[in-house]
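J.: I am attaching a structure below and will ask some questions about it afterwards.
The values are calculated or read from the model by the stated rules, or taken from the named source; none is laboratory data. Remember, predicted model here, so these are calculated numbers, not experimental data. Methodologically, a virtual Cβ is constructed for each residue, glycine included, from the backbone with ideal geometry; neighbour enumeration extends over all protein chains shown. With ligands, DNA and RNA removed, areas are computed over all heavy atoms of the protein, side chains included. Shrake-Rupley method; radii C 1.70, N 1.55, O 1.52, S 1.80 Å.
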Amino acid sequence: MTAEFINALNILKEWVSKNEVIHETKQWTNGEEMTESESLKFNVQPISAKELEEIKIYTEHLLPESYYYFLSEIGSGQFLIGEYFPCFEMYGLADLKENNALVQKEIKDGEINDNFIMIGMHCSMGDWVGFCTTKNDKNYDVFCHEYPIDEYVEISDELKSWRTFEEWFIKAIETKGKETL
């Protein structure tokens, strides 16, 4: 895990512990001072060591250590909750099993050579976030709900949207959730 990832994780830990982060910026408009406030909220539950081990077993230890470390340090739940909905959600064991059962059903119904493990949801459009475990290294993406699962890899290849979990997470924290797709 990179130092940048650990730093982003520590920032998120601080935000989650406060459950509301206000950032004030001063801007000069026509010579007058203006203050803007931003509120970031979270609905996060810690993951026990037992549940984390069950998640590792369920995912056959196929996911990067940075993801498992994220769960152990932060937990699961809703992150960067805005006025109407969260930016993204990370699944605990029960939701992980439920959503991946749907993924596996879609895979069995089609002719798909790739395997996916969806670890959460990007809440702006209801897209799954997760890993294509048949790809190496850069195997994390946000999978558009409009595309059938058998097109996920081809579309992500075409869009050059594959990244590591660490890269996605660092950008999510740097931008306070504004760049997470």
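J.: Determine, from the Cβ-Cβ distance of Ser39 and Glu167 and an R0 of 22 Å, the FRET efficiency 1/(1 + (r/R0)^6), rounded to the nearest 0.05.
T.: With R0 = 22 Å, the Cβ-Cβ based efficiency is 0.25.
J.: So how tilted is helix 165-174 from the main axis of the chain? Cα-based, degrees 0 to 90, rounded to 10.
T.: With rounding to tens, the tilt is 20 degrees.
J.: Averaged per residue, what accessible surface does the chain expose to a 1.4 Å probe, in Å²?
T.: 57
J.: Something else about it: Of all the accessible heavy-atom surface of the chain, with the other protein chains kept in place and a 1.4 Å probe, what percent is carbon and sulfur?
T.: It is 48 percent, rounded to a whole number.
J.: Shifting gears a bit: Helix 93-109 versus the longest principal axis of the chain: what angle, 0 to 90°, nearest 10, using Cα atoms?
T.: 50
J.: Here is a follow-up. Specify which labelled value, from (i) 1.11; (ii) 1.31; (iii) 1.50, agrees with Cα Rg over 2.2 N^0.38 Å derived from the coordinates of the model shown.
T.: So the calculated entry is the one marked (i).
J.: Right, another one. Just tell me the longest site-free run in the chain, where the sites are GluC sites (Glu not before Pro) in a DSSP loop having at most 16 other beta-carbon atoms within 10 Å.
T.: Counting only loop sites that pass the neighbour cut-off, the longest clear stretch is 112-145.
J.: Now for a different question. Using the Karplus equation 6.51 cos²θ - 1.76 cosθ + 1.60 (θ = phi - 60°), what ³J(HN,Hα) coupling, rounded to whole Hz, does each residue of region 9-20 give in order, writing x for Gly and Pro?
T.: With coefficients 6.51, -1.76 and 1.60, one gets 5, 5, 4, 4, 4, 5, 4, 5, 5, 7, 6, 6 Hz.
J.: Pop a pseudo-label 7 angstrom from the Cα along the beta-carbon direction at both Glu111 and Asn7 and give the gap in nm to one decimal.
T.: Simple spin-label model gives 4.9 nm for this pair.
J.: How about region 40-134: which chymotrypsin sites (Phe, Trp or Tyr not before Pro) there are in a DSSP loop, with at most 10 other Cβ atoms within 10 Å of their Cβ?
T.: Tyr84
J.: Set Lys and Arg Cβ to +1 and Asp and Glu Cβ to -1, take the dipole of the chain about its Cα centre, and tell me which of Ile6, His122, Val153 lies farthest positive.
T.: Ile6
J.: If the reach is capped at under 18 angstrom between alpha carbons, list the lysines near Lys138, excluding any in the same chain fewer than eight residues apart.
T.: Lys160, Lys171
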